[in-house]
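Peer 1: One structure, pasted below without further comment.
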Amino acid sequence: MIPGDGIGPEVINAALGPIERAATKHGITLELERLPYGADHYLKTGETLPDEAFHHLRDDADAILLGAIGDPRVPGNEHARDILLGLRFRLDLYVNFRPVTLLHPDLTPLRGNGRRIDFVIFRENTEGVYLGRGRIAGEEYVAEEINTAKGVDRIIRAAFEWAQDHGKRQVTMSDKANAVPAHKIWQDKFRQVASEFPEIEPEHRYVDALAMELVRDPERFQVIVTNNLYGDILSDLSAALVGGLGLAASANLHPGRGGAGLFEPVHGSAPPLAGKGVANPMASVLTGALMLEQLGAPAAAADLERAVRATLAAGVRTPDIGGKATTADVAAAIAEQL
Ligand code: NAD
Ligand code: IPM
Ligand code: MN
């Protein structure tokens, strides 16, 4: 565990109760270790993520559970580049899997009854503008976006394989090939990989149009695959369709390979909420469910998600989703449901 900054430690500490209870109930013992990396540690020692810690996580951990990294005292966010992006890149966790599911009907701000929003975003996680390549040359600040054939192929393939394994019939790829010539590789790879999955309908949307359509008619999407930056933006937008960042979970994975995945709520450190005990721990609990599933305990994962749904239905909610409960109240209620 790397609880990290801001609300990170609060939501991780709270979520551990339900996560451990679900694990125990399903016969799994979690051996937990807490690492100190984050802004406090960085400001005190100058260390972001030391090499020994990285090697330890790479070689010894089965999963990494991270709270949030980001602190106003580190305006350049360099510790997040080493810890968060560093783990994604160095562990080659090329899939950022971000499910978007409406867990209670009243959580969507959209009009209409009986909505069934349920799709997943496959966000490319090791390339794009996130690599930080570029230069500052006089008045020109240049950011390079890296799209390799290998990188684009593998994230599109992961989306189709997941769709196939989960009975989905459609994969939507999103790029901006009408304005960015380099996005031709997304079009080419999408066509190529889609031809290997004849049962799945490939569909394309430019990212601007997709943003609009997600708000207008999110039910029509099943699996969305896109680049690192668009996936970041679309995942916050999508979270807002189903209750907000307080409920959005993610898993950073390298499918088919052993070694640790990195599991984190989609939200950040929310500095204005830190220390107040009101942050929603549900995103972290649901992240724990993704982690348990990946650790080979799907029944524990499903039970944890069921307990979150039941807690929402019972109205035990933090203020971000219209309740008066504290972080601890919500965690206790989820644990009680288990
Ligand atoms: P944020 O996700 O921290 O907050 C955005 C909004 O969502 C705020 O209104 C916040 O109050 C609300 N929110 C977020 N999580 C919540 C929760 N669990 N319960 C209730 N409300 C919640 O995004 P930001 O404000 O843009 O960023 C703050 C810091 O976090 C920055 O330093 C940013 O770089 C960092 N960040 C880190 C991660 C990560 O570690 N994975 C992700 C996003 C942002
Ligand atoms: C996320 C966050 C990170 C990202 C930031 C903190 C670098 O927004 O995990 O979605 O952009 O990937
Ligand atoms: Mn983000």
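Peer 1: Please compare each pair in 25/324; 150/184; 44/276 to a cut-off of 19 Å on the Cα-Cα distance and tell me which ones are over it.
Peer 2: The pairs that break the limit, which is 19 Å between Cα atoms, are 25/324; 44/276.
Peer 1: Let me ask another. Name the residue, out of 219, 124, 33, whose mean-square fluctuation peaks in a Gaussian network model built on the chain with Cα pairs under 10 Å.
Peer 2: 33
Peer 1: Go through 174, 222, 41 and say which Cα lies farthest out towards the positive end of the charge dipole of the chain; charges sit on Cβ, +1 for Lys and Arg, -1 for Asp and Glu.
Peer 2: 222
Peer 1: Oh, and also: Please give the net charge around residue 86, taking every other residue with its beta carbon less than 11 angstrom from that of residue 86, where Lys and Arg add +1 and Asp and Glu add -1.
Peer 2: Result for the local shell: 0.
Peer 1: Name the residue, out of 270, 194, 53, whose mean-square fluctuation peaks in a Gaussian network model built on the chain with Cα pairs under 10 Å.
Peer 2: So, out of 270, 194, 53, the one fluctuating most is 53.
Peer 1: Among the trypsin sites (Lys or Arg not before Pro) within the stretch 91-190, which fall in a DSSP loop and have no more than 13 other Cβ atoms within 10 Å of their own Cβ?
Peer 2: Those that pass, being in a loop and sparsely packed, are 111, 116, 133, 169.
Peer 1: Using a Förster distance of 35 angstrom, determine the FRET efficiency expected from the C-beta separation of residue 150 and residue 213, and round it to 0.05.
Peer 2: Computed FRET efficiency for residue 150 and residue 213 comes out at 0.75.
Peer 1: If we count every other residue with Cβ under 13 angstrom of residue 155's Cβ, Lys/Arg +1 and Asp/Glu -1, where does the sum land?
Peer 2: Charge balance in the 13 Å sphere: +1.
Peer 1: If you don't mind, another one. Select from the stretch 64-106 those trypsin sites (Lys or Arg not before Pro) which occupy a DSSP coil region and have at most 13 other Cβ atoms within 10 Å, ordered by residue number.
Peer 2: Answer by residue number: 73.
Peer 1: Please work out, to two decimal places, the log10 of the ratio I(q)/I(0) at q = 0.14, 0.19 Å⁻¹ from a Debye calculation in which every Cα of the stretch 132-241 carries one identical scatterer.
Peer 2: -0.59, -1.01
Peer 1: Whole-Å semi-axes of the stretch 38-136's equivalent ellipsoid, largest first, each the root of 5 times a Cα gyration tensor eigenvalue?
Peer 2: 32, 17, 16
Peer 1: From the mean inverse distance of alpha carbon pairs (Kirkwood) and the Cα radius of gyration, derive Rg over Rh for the stretch 79-180.
Peer 2: Taking Rh as the inverse mean 1/r over Cα pairs, Rg/Rh reads 1.07.
Peer 1: Taking R0 as 51 Å, what FRET efficiency do you get between residue 24 and residue 73 from their Cβ-Cβ distance, rounded to the nearest 0.05?
Peer 2: After rounding to 0.05, the efficiency reads 0.85.
Peer 1: In nm, what is the difference between 0.36 nm times the number of residues separating residue 236 and residue 129 and their Cα-Cα distance?
Peer 2: 36.7 nm
Peer 1: Take every Cα-Cα pair in the chain and report what % of them are more than 27 Å apart.
Peer 2: 45 percent
Peer 1: In the chain, what percent of the accessible surface is made up of carbon and sulfur (1.4 Å probe, ligands and nucleic acids excluded)?
Peer 2: 51 percent
The values are calculated or read from the model by the stated rules, or taken from the named source; none is laboratory data. Please read these numbers as outputs of a predicted model, since none were measured by experiment. Neighbour counts are summed over all protein chains in view; Cβ atoms, including those assigned to glycine, are modelled from backbone coordinates with ideal geometry. Please note that ligands, DNA and RNA were not included when accessible areas were found on the heavy atoms of the full protein model with its side chains. Shrake-Rupley method; radii C 1.70, N 1.55, O 1.52, S 1.80 Å.
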